[in-house]
Structure formats: C-alpha cells, structure tokens
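Shown next, in structure tokens, is the structure this report addresses.
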Amino acid sequence: MTILTAGNPRRERPLEMRNNQELRGEVTRGPDRPVMKNDEYEGIKSYEYCFWRKQLSTGRAETTKVLLDAGADVEARNSYEHTALQCAVLGGHFGTVCQLLDKGAAIENKEDKSDSTALHLASALGYDAIVRLLLERGATIDRRDEDGKTALDLAIEHDHREVACALLESENWMNILSPVDELPIGRHTIARDTPIRKLIRRYPELAAKVFDKCIRHYGENQKDPWFFCEYDFTLLDDTYMMPSKDGTKLLSTVCPYKADGTLKQGAKAYSDDYDVVYKNHPLRMMAKCEVLLSHPLVLALLKHKWNNLGRYVYYFALVIYLLFLGAYTLYVTHTPAPFNVYDENRNELVDLTTILVAGEPECSSIKLTRPRWLLTCKWVVISLAIAQLFKEFFQLLTRRYRYISLDNAIECFIYSSAIVSVVDLSPCSRTTGIRMNWQWLMAAVCAFLSWMNLLLLIRKLPRFGIYVVMFFDVLRTFSRFFIVFALFILAFSIAFFVMMQNRPEFSSVPSAVLKTTVMMIGEFEFTAIFHGDEDSHPQRLFGHAVAYLIFLFFCVIMTILLMNLLVGLAVDDIKSVLEEARLKRLTMQADLVLQVEASMPYIRKLTSRSSVRIYPNQTNLLKRLRNRFGFDSSSTVLMEEDWQSREEELLIEFRRVISEQDDRIRHLQENIDLMYANQLQTETMIRSIMEQLQIDYHKSDKI
C-alpha cells in the first residue's frame, strides 16, 4: 500500500520499510495527515494496526517506543482477542514487554474471553525472564485459564523447568500450589492430581525446594531451648477435603483443618476406596526418589504418622504374630513325628504312619505321655490363626482383587495350614496326639514359612529391618545370575551321571544335580569316589582319565571361579547396596503407615494434623532412648542427631551450589564475550553489504 500526502504527490516507501526518523516525521506531522486514494481509505486503520502488531511480534523495541510515545493504544486487541502485551509475550520479547508495562499496559483483564493471560502464555512458551517480570509487576499467580490450568500447570505440562522454578520462587508460591478440585463423596476411583504431585513426578528437585519452604524456623538463636521448627503438612498430606454446603461433593478450596491443626468436624477422605487413597498419596509417589523421601519434612510426617498410629498397630500385630509363632513352634517341636514315636510299653521307637490311619484298636497298645501345656499351645494356634484369617478375609472384602499378592498368599497358607496340622483328623491322633504323616509334612512347610514371614515383618522395623532388606537385595542379585549358575551345575551333573551312575549318589539325574551342588561347598569325597573298592560294583570307577579331567575342571570352575564370583556379587559395592536398603526401608515404612491409615479411617481422622512443632534442643536421656526405639508418645519430637546431620548436609549442599553457580557465571561471561565479538563482526559484514547495494539506512534503525 502506498501513501500520498497533500502538496507532495510522490510515491513513498511502505511504512514497514521506513526508518525510525522517517516514522517520527509521519506520526508527529500534526494536521498534515496522510491521505489515501478512495479505494484505500477504508483500510488505513487496519493497515496501521497491522503495522503496530508487526513491531510487537518482531520485537522491534525502538519502533515500538516511537509508536508508544505517539499514543498507540496498548489495550487494543487483534482478531484473536490478544492485547499488545500478549503479542509481545508470544514473541518472547522481554524489552517490548517492559516498554508496554511501563506505559501502563494491563497485565491481565477479567473480561478476556480466552482467559489466557500474559503469564499463562509466557509459562506455556517457556519465557522464564518474562514470567519473573510479570510476577514483579503484580500478575495473579494462581489465575486459571479456560481449561482450569494455572501457569504452573502449563509450565509442567510443556516441560519448562525454569518457568516452574520462577513461579515457585514467588512470594505467593503457596497460592499456586493450593489445589482447586472437586470430587464426589463416597467410594470412587478418581485420584487427585494436585500441583505437588505433578512436581514430584516431573521435577522432584523443585518439590524438595517446596518442602524446604514448608519448614519454618522460629527463634534467633538455634541453640536456644525454645527454638523450634514448624513442619507444614498441608501440601504433603492432603487426604481430607471439606464437603460442599449441599453435601453432594468435596471441595479442596475450603481448608479441612482448624487453627490448632486438627481436622474439622465435617472433613472427609476424598475417597472411601482403600487403594485409591493409599496408592495416590504423595509419600507413595516419591518411593523411588531418595532426595524427597529423606527430606526433613517427609521424615517428620513419617515420624508423626508412625508415633501416633503406625507403631501401635505394627507392634500389636507383631506381638500377636510372635505369640502365634511361639505357640506353633513349641507344639511342633515337642510333638513326636509319626515315624519316630517312643512307645513306653515297648521301650523303643515305633513307626505310626500306617497305624494312625487304621483307627483306635491299633493305638490302644501305644503308651505316650504328653505335656498338658501342649494342648494350650494347640488352642492358642487355632484361635490366633482363625482371627488372622478373619482379618485377611476383611482385607479381601475391602480391597477386592487388589488384595491378591504373594505376601498375602503366604500368610493365608500359613494360618490355614497351621490349623490343619494341629487338629485331630483320626481317632488315633486324638488319643495319642501324634499327627498323621501328611499333616506332619505340612507342619514342616508351615513352620519354615512362618519364620520366613517373620523376616517380612522385621524388615519394617526402623533399626533392624535394613539388614533384612539388604539380604533380599543380594538374593535378587543372585536370582539374576541363577541361570548361568544352573547351567554350570547341570553341565557337570550330567557328566558325573554318565560316568558314575553305578554309585548311589549319582544313580539318577536329580541325585547327581543335588550331589554336584553339595560338592560346590567343599564336600568332594575325593577318596571315596576315586579310590573306592574296585571289587564292589557300586564303588568302582570306570574311565579314570576322563573322570579326573572333568573333576579338575569342576574344582577350578565351580569351587574357585564361580564361588568367588558369587561372593563378589554379594559384597561388591556394599555402600550402594546399603543406601538402597535404607531407601527401601523408608519406602516400606511409608507403605506401612499409609496402609494402616487407609485401613483404619476413623483412627486416621483423629491423628491427622496439618502441622507439628519440633523443639530440637529440648531433649534428655529418657527421650533419646524412647525416641531411638520408636516409643516416644509425643508426635512433635525428632531426634537431635537428625537435626544436626541435616544442618551439616545443608551446609555442604550450600557450598556445592555456590561453587556450581560460580562456574556457570564464569562460563556465561565467556559466552557473552564471544557472542559480542560475533555480533560486531556480523554488523560490520552487513554494513559492507548494504554499502555495496547502495541501501540507505540511519543509525537509529536496527540492522
């Protein structure tokens, strides 16, 4: 489009090709307004508007300044209902955004149809510098767009870590982390997806910074006995919500806690489904992140939940199980096996495996004295096993198919087999107290699994469970190597079976496999195998040369190389195994307290708190002992050594961060110097090209 002026009917350059000096002359011409041809008159405003938009979208700050000084409307909107500020943000032009804000451009407009403010656009596009500027100028940090998303939601969704960090560093960081969701009342499978959960999944290091802000220190002197720290669990423990006035839904906009930190009367869990609350809890989501799980805020919450509810339920269940295990162990160890019964009449050991099935007449001749307390142990086992089966059945009803797991299957087998192995199933068993042969074999399996199951309970203890977890880690490592191990065993077993199948220990492949495995621990029986009685067929060795050669390979490969490899797998990098075991112990302890709370909603409601206060300097010997073994009844006491170690960790971390920042600043300065040199070289080249092309330009124009 060309513009003609009265008195100077010459063709001029389009507006977008003029330099700033010419543009100033046009916008300050006064009454000598440009006139257009009749067919172009109607498009003058649209053209000037498009030109105004182009300067914003291309980030030409000098041209934008000229237009702003000339009175351009900063609140005008384009066809997409975007203001000038939003257009500048879309282009990521920090200088232009500053100019518009200095000229009074509104950061946000309540009448905006798109509901996407400049802060939303900058967050979605990853312009962290613009986000910080908008927050400094008063942008509403928790405003939501038409999809209900905040600036933090958009930053996380588009993977802009620096933007999320800028939002969390704002003074109003709590507003953007406060959830705004509505859920139905009762049992449902809708899981909450709060901002803190998104941070835990995507940016755990930023979640750790949020947790740091949830810990507030009160007191100038940290050695003062009245110095305390307040741990805010509002974001981390958000199980409860308040119902709406009509009672049809739950709202997170209303705080469910009173001023003293206890729950309000009408607060409800956001779901009555056991597994939804358990699996969706932030503690559960951070199970694989040691940085978060070992954070002081998380440890304080675990300590609070453990001291107020978890430990009572755990130790009660442990005592009940130990009582069951003790009674069952006494019963099976003081009851003779059916094949090894001492008959007082005959004064000899007899086998009753067949007589027990025959009935009373054959048992009348057997005299056997049993202690009376064995009958007590029997009924204790039956009573506790039935009670435990009822508990498992209740869990099955509440959790349904989610109840199915290996641990629960083992427990159900233990309790059911314990009942079957102690009850009298024949008249002879009722008279003598001796179990039937298949009952006795079941008792052996049940006793083994019962003691192994005790390991699964002990591994959740704060002090001793770490070693159990380490054992299972080593066992898991061995299971990955087992295929190679089994191939070596099978190879030598087949060879020994082929050459020595006349000997009883190698008479079959299963026997050869078992004997070869035993030989790995050093039980070779070299003399018996290679220097047996040649006149006896079961001891004679056929093919000495081949047998000696294979046995030599067995000694080198299996007893030296393979065994040392197994030892190396068990002890290599023990420090990392120990750290993983500690992390898993914390994870299992978190699982324990969450499972206990989810299974006991009424008690959970009584013990839930929004915050606790810790006085690290108020301690004595009794409190240290009680706290060390988890018996401190106060929910507001943490171990002093934990506090001191955390201070040391923070100091080390602070020094490391300062060192990294110095390196980054030095590297950034080097890059800036290099970019400046390249810019000067590029500018010189462009000017030379423009001179060769005889293009007129002024210093005020941007190249």
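None of the figures in this text is laboratory data; all of them are computed from the coordinates on show. Note that the coordinates shown come from a computational prediction; the quantities given were computed from them, not determined experimentally. Ideal geometry is used to build each Cβ from the backbone, glycine not excepted, and the neighbour counts take in all protein chains shown.
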**Report entry** Cα centroid separation - the stretch 440-457 against the stretch 161-176, whole Å
**Finding:** 54 Å
Report task. Please report, to two decimal places, log10 I(q)/I(0) for the stretch 86-157 at q = 0.17, 0.18, 0.27, 0.28 Å⁻¹ as given by the Debye formula with identical point scatterers on the Cα atoms and no solvent. Result -> -0.54, -0.61, -1.39, -1.48
Query raised in the report: What is the extension gain from Asp73 to Glu146, computed as 0.36 nm multiplied by their sequence separation minus the C-alpha to C-alpha distance, in nm to one decimal?
Result: 23.7 nm
Query - Ranked by how many other beta carbons lie within 10 Å on average, peptides 385-392, 70-77 from highest - result: 385-392, 70-77
Report summary line: Ordering 244-257, 603-616 by per-residue average of other C-beta atoms within 10 angstrom, highest first, gives 603-616, 244-257
Query raised in the report: Placing +1 at every Lys and Arg Cβ and -1 at every Asp and Glu Cβ, with all other atoms neutral, what dipole size does the stretch 468-572 have around its Cα centre, in debye to the nearest 20?
Result: 320 debye
Report summary line: Correct semi-axes for the stretch 185-231, from √(5λ) of the alpha-carbon gyration tensor and rounded to whole Å with the largest first, are 34, 16, 6
Query raised in the report: If you add up the charges near Met558, with Lys and Arg at +1 and Asp and Glu at -1, over every other residue whose beta carbon is less than 13 angstrom from its beta carbon, what do you get?
Result: 0
Report summary line: Neighbours of Thr607 by Cβ distance under 10 Å: Lys/Arg at +1, Asp/Glu at -1, summed charge +3
Query - Between the stretch 587-608 and the stretch 230-272, the Cα center-to-center distance that results, in Å - result: 16 Å
Query raised in the report: In nm, what is the difference between 0.36 nm times the number of residues separating Lys264 and Lys279 and their Cα-Cα distance?
Result: 3.0 nm
Query raised in the report: For the stretch 84-221, rounded, prolate or oblate, judged on the Cα gyration tensor with a ≥ b ≥ c (square roots of eigenvalues), a/c < 1.5 rounded, else prolate if a/b > b/c?
Result: oblate
Requested in this report: Mind checking the full-extension length gain between Tyr315 and Leu514? Use 0.36 nm per residue of separation minus the Cα-Cα distance, one decimal, nm.
Outcome: 67.5 nm
Query raised in the report: Using θ = phi - 60° and the Karplus form 6.51 cos²θ - 1.76 cosθ + 1.60, what ³J(HN,Hα) does each residue of the stretch 153-165 get, whole Hz, x for Gly and Pro?
Result: 4, 5, 5, 5, 5, 9, 6, 10, 5, 5, 5, 4, 5
Report summary line: note: the stretch 312-458, Cα-Cα separations exceeding 19 Å make up a percent value of 55 percent
**Report entry** Solution diffusion estimate, µm²/s, Stokes-Einstein, the stretch 468-572, Kirkwood Rh from C-alpha pairs, 10 °C, viscosity 1.306 mPa s
**Finding:** 107 µm²/s
Requested in this report: Mind giving me the FRET efficiency for Leu549 and Ile521? R0 is 30 Å, r the Cβ-Cβ distance, nearest 0.05 is fine.
Outcome: 0.85
Query raised in the report: Using a Förster distance of 41 Å, how high is the FRET efficiency between Lys209 and Tyr602, based on the Cβ-Cβ distance and rounded to 0.05?
Result: 0.70
Query - Cross-link pairs beyond the 20 Å C-alpha cut-off, checked among Lys149/Lys264; Lys209/Lys264; Lys258/Lys605; Lys149/Lys605; Lys378/Lys460; Lys288/Lys460 - result: Lys149/Lys264; Lys209/Lys264; Lys149/Lys605; Lys378/Lys460
Query raised in the report: Mind listing P(r) for the stretch 224-340? All alpha-carbon pairs, 10 Å bins, whole percents.
Result: 10, 26, 27, 16, 10, 7, 3, 0
**Report entry** Distance between modelled label sites at Ile658 and Phe464, nm, 7 Å Cα→Cβ extension
**Finding:** 4.5 nm
Requested in this report: Compute the FRET efficiency between Arg346 and Leu374 as 1/(1 + (r/R0)^6), taking r as their Cβ-Cβ distance and R0 = 25 Å, and round to the nearest 0.05.
Outcome: 0.65
Report summary line: Phi angles of the stretch 562-568, converted by Karplus (6.51 cos²θ - 1.76 cosθ + 1.60, θ = phi - 60°) into ³J(HN,Hα) in whole Hz with x for Gly and Pro, give 5, 5, 5, 5, 5, 5, x
Query raised in the report: Could you list log10 I(q)/I(0) for the stretch 408-522 at q = 0.10, 0.17 Å⁻¹, which the Debye formula gives when each Cα is one point scatterer?
Result: -0.58, -0.96
Query raised in the report: Among the GluC sites (Glu not before Pro) within the stretch 502-534, which fall in a DSSP loop and have no more than 15 other Cβ atoms within 10 Å of their own Cβ?
Result: Glu523, Glu525, Glu534
Query raised in the report: Expressed as a fraction of 2.2 N^0.38 Å, the rule-of-thumb size for a compact globular protein of N residues, what is the C-alpha radius of gyration of the stretch 395-439?
Result: 1.64
Report summary line: For the stretch 312-458, averaging the sequence separation of alpha carbon pairs under 8 Å that lie six or more residues apart and dividing by its residue count, the contact order in percent is 31 percent
